[in-house]
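One structure coming up, written as structure tokens, with questions to follow.
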Amino acid sequence: MNTNPTLADSTPCLISPTVSTVRAQGQPLKLGIMASGSGSNFEAVADAIASQQLNAEIQVLIYNNPGIKAVARAERWGVPAVLLNHRDYKRREDLDTAIVEVFRQYKVEWVVMAGWMRLVTPVLINAFPDRIINIHPSLLPSFKGVKAVEQAIEAGVKIAGCTVHLVRIEVDSGPILLQAAVPVLPDDRPETLHARIQVQEHRILPQAIALVQRGRSL
Ligand code: GRF
């Protein structure tokens, strides 16, 4: 797997038109982030805030799998991390009710699903109408759902990528905010392609949040 960020950074890519990185004025956007795994996208958002490319604050991280790497990242950034283990809830709606309660408690305005590997229900979606963002590792509408990178390799596409979109009830299908495309190389395995895609995820997720922040403050 190519873990060298310098090499990965120099991979050609194409990003859909975006906003300038000039810091938007006004109140910082209060974000609630949801993660199920490594949390590298959480980190990218935290980095963008720290370097003033994004006028936002991460109020809380909600995670569903005990011991994931995202929690250590949240601790390093001084962000409260709340475990809501989906295994403790009978129905998806019950988990989403608990998520909404935590977000309300932390005064969250916008929700970012950064590698949240659970289906969400209208309970969450209706609590934050048009204010939930998801990052998905494919050029939607291709390769929705799980194992998107594997699906891309299996399909033999030559260009892959990632999408940031607003969340709707149908999985991976809301209005698209930003996309980035990367080449699929002949010897790619899911891990190598995913690593290349993730470099771009870490760019377009903060940019997409900046886009909505700017929209709000116009
Ligand atoms: C990303 O590839 C994202 O597109 C997908 O889950 C992965 C999360 O990665 N939804 P990380 O936990 O942010 O590193």
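How far apart, in nanometres, would the label points at LEU14 and ALA155 be if each is projected 7 angstrom from Cα along the Cα-to-Cβ direction?
The modelled label-to-label distance comes out at 1.6 nm.
For helix 92-105, report the angle its Cα long axis makes with the longest principal axis of the Cα atoms of the chain; keep it between 0 and 90° and round to the nearest 10°.
70
Expressed in nm to one decimal, what extension gain is obtained for the pair ASP88 and ALA72 from 0.36 nm per residue of sequence separation less their Cα-Cα distance?
Taking ASP88 through ALA72 to full extension adds about 3.5 nm, to one decimal.
Looking at the chain only, what percent of DSSP beta bridges run antiparallel? Nearest 5 please.
Among the beta bridges of the chain, antiparallel pairing accounts for roughly 45 percent.
Working only with C-alpha atoms, what are the Rg and Dmax values of region 2-213, expressed in angstrom?
Taking only Cα atoms of region 2-213, I get Rg and Dmax of 16.5, 49 Å.
HN-Hα J couplings of region 29-46 from phi, Karplus 6.51/-1.76/1.60, θ = phi - 60°, integer Hz, Gly and Pro as x?
6, 8, 9, x, 10, 10, 9, 10, x, 5, x, 5, 6, 4, 4, 4, 5, 4
Taking each pair of distinct Cα atoms in region 136-218 once, what is the resulting Kirkwood hydrodynamic radius in Å?
13.2
Quote the relative contact order of the chain in percent (integer), defining contacts as alpha-carbon pairs under 8 Å separated by 6+ residues.
Relative contact order here is 25 percent.
Rounded to the nearest 500, what is the 222 nm mean residue ellipticity of the chain from helices alone, with -39500 (n - 2.57) per DSSP H run of 4+ residues and division by all residues?
-11500 deg cm²/dmol, from helical runs alone.
Could you give the nm distance between label points at ARG168 and MET117, where each point is 7 Å from its Cα heading toward the beta carbon?
2.7
Hey, can you grab everything whose amide H is under 5 Å from the amide H of SER36? Only 5+ residues off in sequence or another chain; H modelled, so Pro and N-termini drop out.
Distant-sequence amide H within range of SER36: TRP116, MET117.
Can you tell me how region 62-106 classifies by the Cα gyration tensor, rounded, prolate or oblate, using a/c under 1.5 as the rounded cut?
Taking the square roots of the gyration eigenvalues as a ≥ b ≥ c, region 62-106 is oblate.
In degrees, nearest 10, range 0 to 90: what is the angle between the Cα axis of helix 190-217 and the longest Cα principal axis of the chain?
Its long axis makes an angle of about 50 degrees.
Taken together, the values in this text are just the output of simple stated rules run on the coordinates, not laboratory data. The shown structure was predicted, so the numbers you read here are calculated from the model rather than taken from an experiment. Don't worry about glycine lacking a Cβ; one is built from the backbone with ideal geometry, like all the others, and counts go over all protein chains shown.
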